[in-house]
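The values are calculated or read from the model by the stated rules, or taken from the named source; none is laboratory data. Worth saying up front: this structure is predicted, and the values here are computed from it rather than measured. Here the Cβ is made from the backbone with ideal geometry for all residues, glycine too, and neighbour counts use every protein chain on show.
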Protein chains: 2
Amino acid sequence: MPDIGALLWPRSVALIGASSDADGLRGRILQVMKGHPYAGAFYPVSRSQKEVMGLKAYASVADLPQPADLAVIIIPAKHVPEELERCGAAGVRSAIVLSSGFAEAAGDAGSSLQGEVRAIARRYGMAVMGPNSEGFANTAAALCPTFSPAAEASERPLLPVGPPRPQLAVIAQSGGIGFAFFDHGRAKELSFRYVVTTGNEACLETLDFADYILDEGKTDVLLLLLEDVKSPETFRRVAEKALRAGKPIIVSKIGQSDAGARAAASHTAALAGAPAAYRAMFERYGLIEGRDIGEMVDMAAGFLSFGERLPAGKRVGICTASGGGGGWMADACVAAGLEVPELDAETRRRVDVHLPSYGTSQNPVDATAQAVYKLGYAGLIDLVAPSPMIDAIIVVMTARSPVNIERQRADLERLAAETRKPILLWSYTLPAPRSVEILTSAGYPLFTSIPNCARTLRAMADYRAFRERFLRPIEVRSSPTSNKAAATKALAAAGPVLCEWDARAVLAHYNIGADGIGTLAESRAAAIAAARAIGKPVALKVQSPDILHKTEAGAVMLNLATPDEVAAAYDKLIASARRHAPKAHIRGVLVQPMAPAGREIILGVKRDPTFGPLLLVGLGGVHVEVLKDVALAPLPLGEIEARAMLARLKGAPLLEAHRGKRAADVDALIALMVRLGQFAADHTDTIAQIDLNPVIVHDAGQGLTVADALIVKVQRS
Amino acid sequence: MPDIGALLWPRSVALIGASSDADGLRGRILQVMKGHPYAGAFYPVSRSQKEVMGLKAYASVADLPQPADLAVIIIPAKHVPEELERCGAAGVRSAIVLSSGFAEAAGDAGSSLQGEVRAIARRYGMAVMGPNSEGFANTAAALCPTFSPAAEASERPLLPVGPPRPQLAVIAQSGGIGFAFFDHGRAKELSFRYVVTTGNEACLETLDFADYILDEGKTDVLLLLLEDVKSPETFRRVAEKALRAGKPIIVSKIGQSDAGARAAASHTAALAGAPAAYRAMFERYGLIEGRDIGEMVDMAAGFLSFGERLPAGKRVGICTASGGGGGWMADACVAAGLEVPELDAETRRRVDVHLPSYGTSQNPVDATAQAVYKLGYAGLIDLVAPSPMIDAIIVVMTARSPVNIERQRADLERLAAETRKPILLWSYTLPAPRSVEILTSAGYPLFTSIPNCARTLRAMADYRAFRERFLRPIEVRSSPTSNKAAATKALAAAGPVLCEWDARAVLAHYNIGADGIGTLAESRAAAIAAARAIGKPVALKVQSPDILHKTEAGAVMLNLATPDEVAAAYDKLIASARRHAPKAHIRGVLVQPMAPAGREIILGVKRDPTFGPLLLVGLGGVHVEVLKDVALAPLPLGEIEARAMLARLKGAPLLEAHRGKRAADVDALIALMVRLGQFAADHTDTIAQIDLNPVIVHDAGQGLTVADALIVKVQRS
């Protein structure tokens, strides 16, 4: 891995393509950089100018007084490779390519140029950001090699004034949006350590920068805007590292829709991955998904303030001087999956002493403007916070006038420092900039959006719960009953498609569906004999690697009770299968006992091109096929993850007891999910797809029946 | 109806409880009022002061030089009735009661005081706002009788500078939140005509003010914050009036959750109505639901700018200089139910001429910063807007620097005036205040939130489609086959609960379930004879007004084929029913042919305490009972509304053809919904509840079977 430190913390910067024209991008960069008190040296490189914006210019990067740590390159795309080569030869350790016209452009020329950039970077071991990047900001170094107007020196400094506070970093493929996060977050007085925009990611990708920043250990929250993940291994490693360190990653993935993917594809030449696979990966590692710049910045604010004191549960106490505001916030909390329980009697007694008759302490605690004026917000919270009924507090307030906030400043600072439960503020009026400064520097996240406030608290509670679960010792995942070697051998011997009979034979080595395997009958008489041996109604299914969809092919008959019925069915099935697929290789007819009743589940494995095998689970035929109600998760997975997958299904309540029906045997289903996941993980290079459809899950304690199975192997070309 | 004009447009205002202490609420009001150039007279009324804030004060409202049009009352609650009485006697025409301590307070005293206020207002015909109101702002009159800091004179005038533009009004039960809408909206340079805060609504409610404002005709968009609706008739009348006038109502209802309702109940003494009933009413009249102050203000901005040019459909073209921003917006549009289609070849050719190789015209049109700089936003939109593939345009831009916007001002103004398709702007950076001024006064809605922008466009498209549908001549709703008189008579003769047999007899007069009515057998022999006459498998159901849940009582048996089976079932059912409810009056056993297969639907009517009878429809047993997938609508309803209800079900796709199944006979279901609605509307005073559960809807063209029926009559106490 090239040295990202040389890129983000250079002692000297060469600007290749420097210009004095501050109206153009090339001039703007130096102007932006010069606006901040960076301690290192700037070396403009220009073929035509001797001096650029008051700095001595050099004709070539080879002429610098010392090799620059970082080269910032903004020249036409076609000249970039030669210039990068020159940088490498001159001992430059890192580069940002701001130029456009690489893989994101139409035609092959750009892709080819990008390939050259990658090769040169690799050859010299240079850390290269871009191409098509918008550069970065390193606030601690006061270094902003970017033309983004958001990084220009202005009345708002790069860092908030006052003592250091927890910091966030933004890493975005999109330059404009990356710096827009900075713009939104600075208006909220948040402290950014880095803004990094990675562009086409020819060499370094978003997660590489996240990795560096985590290792550095000075950043508490990461905001990522992803168009794609290039290395799933890096993703897994970095996401897990962040989780272990307790540094939340708040992410948005562009390209969830076809139109969004079209934009992503055309912009950074990244094929946007399947949204469901990304979501499964985010869920697996506790990444927090956001949908808007403001929402993600708001979430970051919550974690920055109370990352060390996350709520122990989802129960929130709401303190308000506006009854309407309190009610609206309560609705939003419930909509976000939080609870707003009535407070306990002792807390209510404590609060009631201070309230007029038209206030109420039940929750929301509508203290009225009068009591809030007397007590102060801090005084009110001191009364409410000890309630054993709540894990966090939301204060509904108006921060429009800084005078009122200034007056309460000392109390609010004391409270923020001492509280053990997180306190989130929602100002229903737009807060004055001075109010934002006071409240944020005191340590509170201050919201102007109701749903953002509620969702942030929910994300904080979820993150804590998820992380505690994740950090527990990992359960033993390999099952003593599995026989990997035997399964490997059977898989190798099989053709590209394993029909039920063959699939079951393989899966049986992992104790999957072994007890319902049935008998393969190669003649009518054999079918009758098999049915007789079973001794109750049977199902008959044609077995052929060439017939994947048996129902459509008329290759299944159910509920056959008598030998005559079995004989007639056998003949009919063979005829029907031959009609449907005249050239199909028919292995025989599978004779199985009818499965007892239960909930229909689909269980499967599909191979995502980026992240590899994902386990899929869904409820019932119509639920999967019409309502698309499925959950996905990467492998391997344990019982906890399997249970979490089931909980994500909209139809999850259907597995519980309802309408006189007993609960389904969820434990058996979870055990099956774990075994199937183990099987797929053990044979990840061989298996393209598995379908167990349907799995019939019986009532609790009664187990389940795998009623069909199919395995498709990876095709080697 | 008292004269709201006297309240909102008084020529003189008496302030009862006036004080010079600007730190208290009583002093603040006069200070706020005096800060604006109101042309009328202020008369402070004070027992102790001769002069208040430089104005001559009067000892009593009776002493004023002329009767005031409006009295603003802020004195302890217990003194309010006597003072209001004095106002009435003195000829004051209207009043605002700002004092708290009425029905929102604990105990009976406050409610009793509120009753007195109501009685006095009625006696004198005074228009009374409140109690527990925060007053109002009338910007055209420069009158702000309120202590809200948001209405204080500040560097931001009540109205935007420049020529008049479309205006909105806010009406909120909550004072704090009502003025918070104003605060948010003014920061976006929106033009407010009124901010009205209604408090406890002892006399005038939110919809009364909406009615006045609609009649006045100078307001284009209404924002409502409701805790409850007190008069459903007013709601219906005003909502329909707004829709006919094309004045969208954007609404949020507080009290959707238990906790929210608790807050509403304690605050304005309004029992928060059932959320589902409110939603059904909003859907019926095309009210647009919002979830946040910022979101509702953003929606208002969209309608204010393009209310006369709403999008003809849901297809949006996205123009951007940021690929990441365009992709993200495309995702948000698709998530909001909009379409982002690829543009047609001709448009793409027109655009491509101007793009560098790394831009793209497909949609999002990623023109790159370079092309946008050359063409200007207006130039780019001129190229894209004519595309027949799109109904509206979203521009992804950065409005951070006003210089760039100023430079393009004339072109943008021209475009806003000329465009026939709405153009919405999303600035991914926070716009400079000057940018907001320029763009808003030019006629654009300017968003800083991605989802708000996408949802606003969706709401605009939906509103146009809904309104066009609503304004079509109303279809004839009464069915020629219904016999109201006969049904009325049968209902009157029935007891409080009509079991299936009795319910069917009544419903048959509306041609509901008439063909599956079956035979009521009062003996085993009669049951056998009835089954024989039917000639195929039958269902037997005990009929008793005392057994509502037949399945739980073991009072239903299905699929009985032979006389022996029927006889045994008859005996078993009677015994089981007697065991379940020994005192039940058993009318007999209903013998019906088994219904052919189909989709299970629940159809019913429930009586909402506020809005009266609502039709309910849901899909299948588990869908209703576990997933709570139901839709509600007020009565009467026609085919269009019935179809819209079905479309709102999450499980709606289950009615369509899928997985080899034919589509369900939706037309028959809709006809049944309309007939049942007609029946319930015709007998609205009699009927508390109707259940048709299940209705079995067969394949298209095959009709449906009403498989059970129950009517519960309203209980007169």
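Give the residues of the stretch B:356-404 that are of a type in the set (V, I, T) and in a helix (DSSP H, G or I), sorted by residue number.
B:T368, B:V372, B:I381, B:V384, B:V403
Among residues belonging to the stretch B:688-704 that are of a type in the set (S, T, N, Q) and farther than 14 Å from B:A671 by Cβ, point out the one that is modelled with the highest pLDDT.
So in the stretch B:688-704, the residues of a type in the set (S, T, N, Q) come out as B:689, B:693, B:702.
When the remaining residues are screened for being farther than 14 Å from B:A671 by Cβ, the result is B:689, B:693.
Values: B:Q689: 93, B:N693: 89.
The selected residue is B:Q689.
So that you can scan it fast, the table gives a plain yes or no per residue for (1) without any contact (Cβ under 8 Å) to a residue 40 or more places away in the chain; (2) among the acidic types (D, E); (3) out of contact with any Asp or Glu (no Cβ under 8 Å at 6 or more places or on another chain); (4) closer than 17 Å to B:D3 by Cβ:
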site: B:G178; (1), (2), (3), (4): no, no, no, no
site: B:A187; (1), (2), (3), (4): no, no, yes, no
site: B:V195; (1), (2), (3), (4): no, no, yes, no
site: B:F209; (1), (2), (3), (4): no, no, yes, yes
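Quick one: which of B:E240, B:E295, B:E289, B:E227 is touching a Phe, Trp or Tyr at 6+ places or on another chain (Cβ under 9 Å) and closer than 30 Å to A:T360 by Cβ? Lay out the reasoning, then the answer.
On the way: B:E240 fails: closer than 30 Å to A:T360 by Cβ; B:E295 fails: touching a Phe, Trp or Tyr at 6+ places or on another chain (Cβ under 9 Å); B:E227 fails: touching a Phe, Trp or Tyr at 6+ places or on another chain (Cβ under 9 Å).
None of the other options fit; the residue is B:E289.
Restricting the search to the stretch B:119-162, which residues are in a loop (DSSP other than H, G, I, E, B) and closer than 13 Å to B:Y194 by Cβ?
Answer for the stretch B:119-162, where residues must be in a loop (DSSP other than H, G, I, E, B) and closer than 13 Å to B:Y194 by Cβ: B:T139, B:A140, B:A141, B:A142, B:C144, B:P145, B:T146, B:L158, B:L159.
Quick one: is B:V365 without any contact (Cβ under 8 Å) to a residue 40 or more places away in the chain, hydrophobic (A, V, I, L, M, F, W, C) and either within 27 Å of B:A312 (Cα to Cα) or surrounded by 20 or more Cβ atoms within 10 Å (Cβ to Cβ) (or both)?
Values: without any contact (Cβ under 8 Å) to a residue 40 or more places away in the chain: no; hydrophobic (A, V, I, L, M, F, W, C): yes; either within 27 Å of B:A312 (Cα to Cα) or surrounded by 20 or more Cβ atoms within 10 Å (Cβ to Cβ) (or both): yes.
The answer is no for B:V365.
State yes or no: is B:A169 touching a Phe, Trp or Tyr at 6+ places or on another chain (Cβ under 8 Å), closer than 27 Å to A:Q370 by Cα, assigned to a strand (DSSP E or B) and in contact (Cβ under 8 Å) with a residue 40 or more places away in the chain?
no
Inside the stretch B:625-648, can you point out the residues that are buried (at least 19 other Cβ atoms within 10 Å of the Cβ) and within 14 Å of another protein chain (Cβ to nearest Cβ)?
Answer for the stretch B:625-648, where residues must be buried (at least 19 other Cβ atoms within 10 Å of the Cβ) and within 14 Å of another protein chain (Cβ to nearest Cβ): B:L627, B:D629.
Which one of these does B:S387 not meet: (1) hydroxyl-bearing (S, T, Y); (2) under 24 Å from A:G24 (Cα atoms); (3) more than 11 Å from chain A (Cβ to nearest Cβ)?
(2)
Could you check how many residues of the stretch A:492-523 are surrounded by fewer than 17 Cβ atoms within 10 Å (Cβ to Cβ) and within 21 Å of A:A575 (Cβ to Cβ)?
2
Just to be sure, is B:S231 within 20 Å of the chain's Cα centre (by Cα) and buried (at least 24 other Cβ atoms within 10 Å of the Cβ)?
Judged against the criteria, B:S231 is not a match.
Would you mind stating whether B:I574 is of a type outside the set (S, T, Y) and over 20 Å from B:I696 (Cβ atoms)?
Yes.
Could you tell me which of the residues A:A533, A:A553 is at pLDDT below 95 and part of a loop (DSSP other than H, G, I, E, B)?
Details: A:A533 fails: part of a loop (DSSP other than H, G, I, E, B).
Within the list A:A533, A:A553, the selection yields A:A553.
Would you confirm, using the coordinates I've provided, whether B:A280 is more than 9 Å from chain A (Cβ to nearest Cβ) and either over 16 Å from the mean Cα position of the chain (by Cα) or not aliphatic (A, V, I, L, M) (or both)?
Judged against the criteria, B:A280 is not a match.
Quick one: count up the residues across the stretch B:654-671 that are within 14 Å of chain A (Cβ to nearest Cβ), under 17 Å from B:V695 (Cβ atoms) and within 29 Å of the chain's Cα centre (by Cα).
Number satisfying all stated conditions: 2.
For A:S100, are the conditions met, namely being on the phi < 0 side of the Ramachandran plot and within 14 Å of another protein chain (Cβ to nearest Cβ)?
Against the criterion (on the phi < 0 side of the Ramachandran plot and within 14 Å of another protein chain (Cβ to nearest Cβ)), A:S100 qualifies.
Looking at the stretch B:556-601, which of its residues are of a type outside the set (A, V, I, L, M) and either in contact (Cβ under 8 Å) with a residue 60 or more places away in the chain or closer than 30 Å to B:L649 by Cβ (or both)?
Those that are of a type outside the set (A, V, I, L, M) and either in contact (Cβ under 8 Å) with a residue 60 or more places away in the chain or closer than 30 Å to B:L649 by Cβ (or both): B:N559, B:R587, B:G588, B:Q592, B:P593, B:P596, B:G598, B:R599, B:E600.
So A:R237 fits all but one of (1) surrounded by fewer than 19 Cβ atoms within 10 Å (Cβ to Cβ); (2) within 14 Å of another protein chain (Cβ to nearest Cβ); (3) of a type outside the set (V, I, T); what number is the exception?
In the conditions (1) surrounded by fewer than 19 Cβ atoms within 10 Å (Cβ to Cβ); (2) within 14 Å of another protein chain (Cβ to nearest Cβ); (3) of a type outside the set (V, I, T), A:R237 misses (2) alone.
Check whether at least one residue in the stretch A:469-482 is in a helix (DSSP H, G or I) and free of Cβ contacts under 8 Å to residues at least 60 places away in the same chain, and report yes or no.
No: the stretch A:469-482 contains no residue that is in a helix (DSSP H, G or I) and free of Cβ contacts under 8 Å to residues at least 60 places away in the same chain.
Search the stretch A:242-257 for residues that are surrounded by 21 or more Cβ atoms within 10 Å (Cβ to Cβ) and pair each with any residue that is among the polar types (S, T, N, Q) and part of a loop (DSSP other than H, G, I, E, B) when their beta-carbon atoms are under 7 Å apart and the residues are at least 6 apart or on different chains.
none
Examine the stretch B:618-631 for a residue that is part of a loop (DSSP other than H, G, I, E, B) and charged (D, E, K, R), and state whether such a residue exists.
Step one: list which residues in the stretch B:618-631 are part of a loop (DSSP other than H, G, I, E, B), which gives B:620, B:626-629.
Filter once more, keeping what is charged (D, E, K, R): B:628-629.
There is at least one residue in the stretch B:618-631 that is part of a loop (DSSP other than H, G, I, E, B) and charged (D, E, K, R).
Please verify whether A:E116 is outside any loop (DSSP other than H, G, I, E, B) and either touching a helix residue (DSSP H, G or I) at 6+ places or on another chain (Cβ under 8 Å) or within 14 Å of another protein chain (Cβ to nearest Cβ) (or both), treating the condition exactly as stated. Give the steps one after another, and end with the answer.
On the way: outside any loop (DSSP other than H, G, I, E, B): yes; either touching a helix residue (DSSP H, G or I) at 6+ places or on another chain (Cβ under 8 Å) or within 14 Å of another protein chain (Cβ to nearest Cβ) (or both): yes.
Yes; evaluated as a whole, the condition is true for this residue.
Can you pull out the residues in the stretch A:405-435 that are surrounded by 24 or more Cβ atoms within 10 Å (Cβ to Cβ), within 14 Å of chain B (Cβ to nearest Cβ) and either in a strand (DSSP E or B) or basic (K, R) (or both)?
Once the filter is applied, which keeps residues that are surrounded by 24 or more Cβ atoms within 10 Å (Cβ to Cβ), within 14 Å of chain B (Cβ to nearest Cβ) and either in a strand (DSSP E or B) or basic (K, R) (or both), the stretch A:405-435 yields A:W426, A:S427.
Going by the structure shown, is B:V622 modelled with pLDDT of 85 or more, surrounded by fewer than 22 Cβ atoms within 10 Å (Cβ to Cβ) and within 14 Å of chain A (Cβ to nearest Cβ)?
no
Let me confirm something: among B:I75, B:I120, B:I96, which residue is surrounded by fewer than 22 Cβ atoms within 10 Å (Cβ to Cβ) and of a type in the set (V, I, T)?
It is B:I75.
State yes or no: is B:T197 surrounded by fewer than 23 Cβ atoms within 10 Å (Cβ to Cβ), of a type in the set (V, I, T) and at pLDDT 95 or above? Break it down stepwise before answering.
On the way: surrounded by fewer than 23 Cβ atoms within 10 Å (Cβ to Cβ): no; of a type in the set (V, I, T): yes; at pLDDT 95 or above: yes.
Considered against the rule, which asks whether it is surrounded by fewer than 23 Cβ atoms within 10 Å (Cβ to Cβ), of a type in the set (V, I, T) and at pLDDT 95 or above, B:T197 comes out as no.
Restricting attention to the stretch A:500-527, and to residues there that are in contact with a strand residue (DSSP E or B) (Cβ under 7 Å, 6 or more places away or on another chain) and part of a helix (DSSP H, G or I), which single residue is nearest to A:D708 (Cα to Cα)? Write out each step before concluding.
If we filter the stretch A:500-527 for residues that are in contact with a strand residue (DSSP E or B) (Cβ under 7 Å, 6 or more places away or on another chain), which is where we start, we get A:500-501, A:503, A:506, A:512-513, A:516, A:518-522, A:527.
Applying the additional criterion that residues be part of a helix (DSSP H, G or I) yields A:500-501, A:503, A:506, A:516, A:527.
Working: A:E500: 6, A:W501: 9, A:A503: 9, A:V506: 13, A:G516: 10, A:A527: 18 Å.
Residue satisfying both the conditions and the ranking: A:E500.
Filter the stretch B:316-362 down to residues that are in contact (Cβ under 8 Å) with a residue 60 or more places away in the chain, facing another protein chain (nearest Cβ under 10 Å), more than 26 Å from A:D108 (Cβ to Cβ) and surrounded by 18 or more Cβ atoms within 10 Å (Cβ to Cβ), then give me how many there are. I'd like the intermediate steps shown before the answer.
So the first thing to find is which residues in the stretch B:316-362 are in contact (Cβ under 8 Å) with a residue 60 or more places away in the chain, and the list is B:316-322, B:325-326, B:328-329, B:332-333, B:335-338.
Those left that are additionally facing another protein chain (nearest Cβ under 10 Å): B:316, B:318, B:320-322, B:325-326, B:328-329, B:332-333, B:335, B:338.
With the extra rule that they be more than 26 Å from A:D108 (Cβ to Cβ), the set shrinks to B:316, B:318, B:325, B:328-329, B:332-333, B:335, B:338.
Narrowing further to those that are surrounded by 18 or more Cβ atoms within 10 Å (Cβ to Cβ): B:316, B:318, B:325, B:328-329, B:332-333, B:338.
Total satisfying the criteria: 8.
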